[in-house]
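Below: the structure, in structure tokens.
Quick note: the coordinates plus some simple rules give every number you see, no bench work behind them. Keep in mind that what you see is a predicted model, and the values were worked out from it rather than measured. Cβ atoms come from the backbone with ideal geometry, glycine included; neighbour counts cover every protein chain shown.
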Amino acid sequence: MANIIKLRVNGVAHEINADPQTSLLSVLRDRLDMTGTKYGCGEAQCGACTVLIDGSPRRSCVTAVGTAANRHITTIEGLDHHGRLHPVQKAFLEEDALQCGYCTPGMILSAVAFLKSNPHPTEQEIAQAMEGNICRCGTYPRIVAAIQRAARKRAEL
Ligand code: FES
Ligand code: FES
């Protein structure tokens, strides 16, 4: 049954008429036209659909939109600051840490949350933290290098 659901996405308030059980991913992509968040597996296994809810990474493919009401949702479209890329976005570009780019929004949002909780990670900690995000192009070494680069510039985070 459809309800009016209040969402706050990247600081902007939206009211959506939707079944609260609809996935947050489909609302972002199909109703709000925010296609940066990707559909991969649909089963919480690949991380392509990762967004931040109140700063924590969540798989939006298995998050019912009703549970995200009135919380702060951040997608890749909202990570820059007045047109300036977030330091993690910059580091991914500087390390060329993407090939097709399909996994990249989810990778970046997972990395942003991880670096907030662990600003001085070891390489192994980065690999562990990111293991739920799958990159079919196999750019893992460059992704780890990008996160290390962003960590070095943590003062900007
Ligand atoms: S699409 Fe959500 S985890 Fe794969
Ligand atoms: S860059 Fe292609 S899936 Fe990661």
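Per-residue Cβ neighbour counts within 10 Å put SER56, SER110 in the sequence SER56, SER110, beginning with the fewest. Based on DSSP H segments of at least four residues, each scored -39500 (n - 2.57), the chain has a per-residue ellipticity at 222 nm of -8000 deg cm²/dmol. What net charge is computed for the residues neighbouring LEU7, neighbours being all others with C-beta under 11 Å from the C-beta of LEU7, Lys and Arg scored +1, Asp and Glu -1? Result for the local shell: +3. Summing Cβ point charges (Lys, Arg +1; Asp, Glu -1) relative to the Cα centre of segment 87-156 gives a dipole of roughly 160 debye.
Each of VAL144, VAL51, VAL62, VAL9 was scored by other Cβ atoms within 10 Å of its Cβ. Arranged with the fewest first, they read VAL62, VAL144, VAL9, VAL51. With the chain treated as a Gaussian network of Cα nodes joined by springs under 10 Å, which of ILE108, ILE73, ILE16 yields the largest mean-square fluctuation? Highest fluctuation among the options: ILE16.
Backbone phi angles across segment 126-135, fed through the Karplus curve with coefficients 6.51, -1.76 and 1.60 (θ = phi - 60°), yield HN-Hα couplings of 5, 4, 5, 5, 9, 5, x, 9, 9, 10 Hz in residue order; Gly and Pro are listed as x. Normalised by the number of residues in segment 1-127, the mean separation of alpha-carbon contacts (under 8 Å, six or more apart) gives a relative contact order of 26 percent. Our note on the geometry: Cα centres of segment 1-54 and segment 81-121, 20 Å apart. Only the Cβ atoms of Lys and Arg (+1) and of Asp and Glu (-1) were treated as charged; on that basis the dipole of segment 6-157 about its Cα centre amounts to roughly 220 debye. In plain terms, the residue of ASP54, ASP30 with the fewest other Cβ atoms within 10 Å comes first and the most crowded comes last, giving ASP54, ASP30. Here LYS38 is the anchor, and the aspartates and glutamates within straight C-alpha reach of less than 19 Å, apart from those fewer than 8 places off in the same chain, are ASP30, GLU77, ASP80, GLU131.
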